[in-house]
1. Just the residues that are within 18 Å of the chain's Cα centre (by Cα) and modelled with pLDDT of 85 or more, please, taken from segment 28-53.
2. Report yes if residue 144 is of a type in the set (S, T, N, Q), farther than 19 Å from residue 59 by Cα and either open to solvent by 50 Å² or more (accessible area, probe 1.4 Å) or modelled with pLDDT under 95 (or both), otherwise no.
3. Which ones in segment 92-148 are among the acidic types (Asp, Glu) and free of Cβ contacts under 8 Å to residues at least 24 places away in the same chain?
4. With the checklist (1) open to solvent by 60 Å² or more (accessible area, probe 1.4 Å); (2) modelled with pLDDT of 90 or more in hand, flag the one item residue 77 doesn't pass.
5. Quick check, is residue 157 under 12 Å from the mean Cα position of the chain (by Cα), at pLDDT below 95 and open to solvent by less than 40 Å² (accessible area, probe 1.4 Å)?
6. If I ask for residues that are aliphatic (A, V, I, L, M), within 16 Å of residue 188 (Cβ to Cβ) and in contact with a strand residue (DSSP E or B) (Cβ under 6 Å, 6 or more places away or on another chain), which ones from segment 33-69 would you list?
7. Would you call residue 8 over 20 Å from residue 142 (Cα atoms), small (Gly, Ala, Ser) and at pLDDT below 90?
Amino acid sequence: AIVTIGNALLFKAPPGIGNPEAVVNLGSSMTATNGFDNFSYPNFLEYRTAKSLSGLSAIRFETMELSLAGPNGGEHVGAGVASGNLFEVLQVRPALGRFFVAEEDGAPGANPAVVLSHKFWSEHYSADRDIVGKSITLNAYPSSVVGVAPAEFKGPLIVAPDMWVTISGSTLLQFNARLLNSRQSVFIMGVGRLAKDATM
């Protein structure tokens, strides 16, 4: 198990992304422990202007509740809460529908949109191609399914999410908008792409 996690973290590029040799993780150094930490949303907004990167996205893993019809009521799902440019930075194309657009990555609570993983779409929605445009309920908020990721794409996290939602449109932040304004709230992992001729 340790070798598998180490391989996923350090050596093996996430599957299903374009030109993986140019993809890097970005974080904050912890001088006291010589470790590697997440960073805040305000810092992310500044880091993404770095000339050494052609693009920088932000992501974190969060558990959400998906409401279901019937006696079961709901189930917990793993969500990749990400900046709207995640798929663009990773050079991924949707298997169905589309990925996020600018309007879905604005102010907190803006147009909650969801991209389903291919596995979750196949297992929970029987690969229904009409799922795009339908509404699902996450954390008691209606959210629109805009697309389905390709089967080979698992995302840059150790655990593959069931779906992706934007940070700003996420129900996670509906009541925690202060997280987007606080430099002390270090909850984001950065995934970037090196600019042409930039080195590690």
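The values are calculated or read from the model by the stated rules, or taken from the named source; none is laboratory data. Please read these numbers as outputs of a predicted model, since none were measured by experiment. We place every Cβ from the backbone using ideal geometry, glycine too, and count neighbours over all the protein chains shown. When the accessible area is computed, the model is the full protein with side chains, heavy atoms only, and any ligands, DNA or RNA have been set aside. Shrake-Rupley method; radii C 1.70, N 1.55, O 1.52, S 1.80 Å.
1. Selection gives 38, 39, 40, 41, 42, 43, 44, 45, 47, 48.
2. Yes: the conditions hold for residue 144.
3. Listed by number, the residues that qualify are 103, 123, 128, 130.
4. Among (1) open to solvent by 60 Å² or more (accessible area, probe 1.4 Å); (2) modelled with pLDDT of 90 or more, the lone unmet condition for residue 77 is (1).
5. Considered against the rule, which asks whether it is under 12 Å from the mean Cα position of the chain (by Cα), at pLDDT below 95 and open to solvent by less than 40 Å² (accessible area, probe 1.4 Å), residue 157 comes out as yes.
6. 53, 56, 58, 59
7. yes
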